[in-house]
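The values are calculated or read from the model by the stated rules, or taken from the named source; none is laboratory data. Keep in mind it's a predicted model, so treat the numbers as computed, not measured. Positions of Cβ are backbone-derived with ideal geometry, glycine not excepted, and every protein chain shown enters the neighbour counts. Keep in mind that these areas ignore ligands, DNA and RNA; they rest on the heavy atoms of the full protein, side chains included. Shrake-Rupley method; radii C 1.70, N 1.55, O 1.52, S 1.80 Å.
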Amino acid sequence: MQVGMVGAGRMGANMVRRLLRHGHGCVVHGRDPDKLAPLADEGARVVTEMDALVEALEPPRAVWVMVPAGEATEEVIRALAGRLEAGDCLIDGGNSHFREAGRRAAEVAERGLDFLDVGTSGGVWGLERGYCLMIGGREDAVRRLEPVFRSLAPGPEAAPRTPGREGSEGTAERGYLHCGPSGAGHYVKMVHNGIEYGLMQAYAEGFDLLRAAGAPETPEAERFDLDPGAVAELWRRGSVVGSWLLDLSAAALHEEPGLDSLSGRVADSGEGRWTVQAAVERGVPADVLSAALYARFRSRRTPTFGDRLLSAMRRQFGGHGEGQEGS
């Protein structure tokens, strides 16, 4: 298939590369052709004007938007909606609020366009590992774009099959899922990021406690000179707390055992806050997710070693600097 991409940052560029590797044609829009030159060298067509992007795509078009949530996404979708034709499809793969998806889908539907909200997880590692895709929108539009989703997703070999599942694998086992109507994809991604906050905070606090075992104020008989990096490597093998986040923590601790280059002031994305707000609106207890969000607020005042590990995890999976938004 042919896909347009608006936004070739850390994730968008690697998504283009993964699609190219799977034989799809890609037209990439960006304002700075020099930054997009590597993608052009790899087979993508690069354009600097929105009109040129639309003209380069054959109907029915599919344009994937990977720009920061908020006004940037709003401007791009508005610009594209005014240029695309009935039967074309707009895809928001950023971290937009799920309620925005419903509004945008209704607005572009007046022009005969489809709109899909696709929560995309995979960070800077997605090129090789694949992207987990949480999709909301009309089923017909999802079906039409399945070749794209199948190419971006990790595939069934990414994880062992859950015991008891029989028959042919569903799309969830391939790494993408049509979650429901407009908004459902971004709602699932929002909750995904809220859970991510809680998991990261648990690791951060645990490793902070390991490091504190050797503190001078600890009674000598109970003082242990533990190596958090070695413990991370240990827990990666056979432990029930093993995960990709633990793998990334181990990598960060190996590269810099003290994490001294990091301040520990941890940013938060809108999605962590939205998850807590959704829990309040629905009356769902979310003690851990709320505490993890508030811990990030606290880190900007009194950062700890655990906060530095949080920063390190964000840098490992998403390439986020300490002042940058993201999961």
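Taken over segment 182-191, the criterion of being touching a helix residue (DSSP H, G or I) at 6+ places or on another chain (Cβ under 8 Å) and either surrounded by fewer than 22 Cβ atoms within 10 Å (Cβ to Cβ) or not basic (Lys, Arg) (or both) is satisfied by Ser182, Gly183, Ala184, Gly185, His186, Tyr187, Met190, Val191.
Before we move on, is Arg61 under 20 Å from Asp140 (Cβ atoms) and either among the polar types (S, T, N, Q) or touching an Asp or Glu at 6+ places or on another chain (Cβ under 8 Å) (or both)? Judged against the criteria, Arg61 is a match. Condition check: assigned to a helix (DSSP H, G or I), in contact with a Gly (Cβ under 7 Å, 6 or more places away or on another chain) and closer than 26 Å to Leu309 by Cβ. Does Asp208 satisfy that? It is true that Asp208 is assigned to a helix (DSSP H, G or I), in contact with a Gly (Cβ under 7 Å, 6 or more places away or on another chain) and closer than 26 Å to Leu309 by Cβ.
Annotation note: of Arg129, Arg143, Arg99, the sole residue that is farther than 27 Å from Ala159 by Cβ and either among the basic types (Lys, Arg) or without any contact (Cβ under 8 Å) to a residue 12 or more places away in the chain (or both) is Arg99. Checking the conditions here, which among Leu253, Leu248 is crowded, with 16+ Cβ neighbours inside 10 Å, in a helix (DSSP H, G or I) and touching a Leu at 6+ places or on another chain (Cβ under 9 Å)? Of the residues listed, the single one that is crowded, with 16+ Cβ neighbours inside 10 Å, in a helix (DSSP H, G or I) and touching a Leu at 6+ places or on another chain (Cβ under 9 Å) is Leu253. Only one entry in Ala101, Ala81, Ala153 is in contact with a strand residue (DSSP E or B) (Cβ under 8 Å, 6 or more places away or on another chain) and either farther than 24 Å from Asn14 by Cβ or modelled with pLDDT under 95 (or both), namely Ala81. Looking only at residues in segment 15-42 that are farther than 24 Å from Pro154 by Cα and in contact with a helix residue (DSSP H, G or I) (Cβ under 6 Å, 6 or more places away or on another chain), which one is surrounded by the most Cβ atoms within 10 Å (Cβ to Cβ)? Ranking the qualifying residues of segment 15-42, first place goes to His29. For segment 159-174: of the residues being modelled with pLDDT of 95 or more and open to solvent by 50 Å² or more (accessible area, probe 1.4 Å), which is farthest from Ala106 (Cα to Cα)? Selected residue: Arg174. Given the structure, is Leu177 in a strand (DSSP E or B), open to solvent by 50 Å² or more (accessible area, probe 1.4 Å) and of a type outside the set (Lys, Arg)? Considered against the rule, which asks whether it is in a strand (DSSP E or B), open to solvent by 50 Å² or more (accessible area, probe 1.4 Å) and of a type outside the set (Lys, Arg), Leu177 comes out as yes.
Scanning segment 256-288 for residues that are under 18 Å from Gln201 (Cα atoms), open to solvent by less than 80 Å² (accessible area, probe 1.4 Å) and not in a loop (DSSP other than H, G, I, E, B) returns Gly270, Glu271, Gly272, Trp274, Thr275, Val276.
Looking across segment 171-184, the residues that are within 27 Å of Asp247 (Cα to Cα) and in contact (Cβ under 8 Å) with a residue 12 or more places away in the chain come down to Thr171, Glu173, Arg174, Gly175, Tyr176, Leu177. Restricting segment 70-115 to residues that are assigned to a strand (DSSP E or B) and within 16 Å of the chain's Cα centre (by Cα) leaves a set whose member that is farthest from Gly272 (Cα to Cα) is Ile91.
Determine, yes or no, whether Leu20 is over 30 Å from Val276 (Cβ atoms), part of a loop (DSSP other than H, G, I, E, B) and not basic (Lys, Arg). Here the answer is no, as Leu20 does not meet what is asked.
Residues that are open to solvent by 30 Å² or more (accessible area, probe 1.4 Å) and of a type in the set (Gly, Ala, Ser) were ranked within segment 103-120; the one that is farthest from Phe317 (Cα to Cα) is Gly112. Any residue at all in segment 245-268 that is modelled with pLDDT under 95 and closer than 25 Å to Glu100 by Cα? Yes - at least one qualifying residue is present in segment 245-268.
Look at (1) within 23 Å of Gly319 (Cα to Cα); (2) open to solvent by 30 Å² or more (accessible area, probe 1.4 Å) and you find that Gly82 fails only one, number (1).
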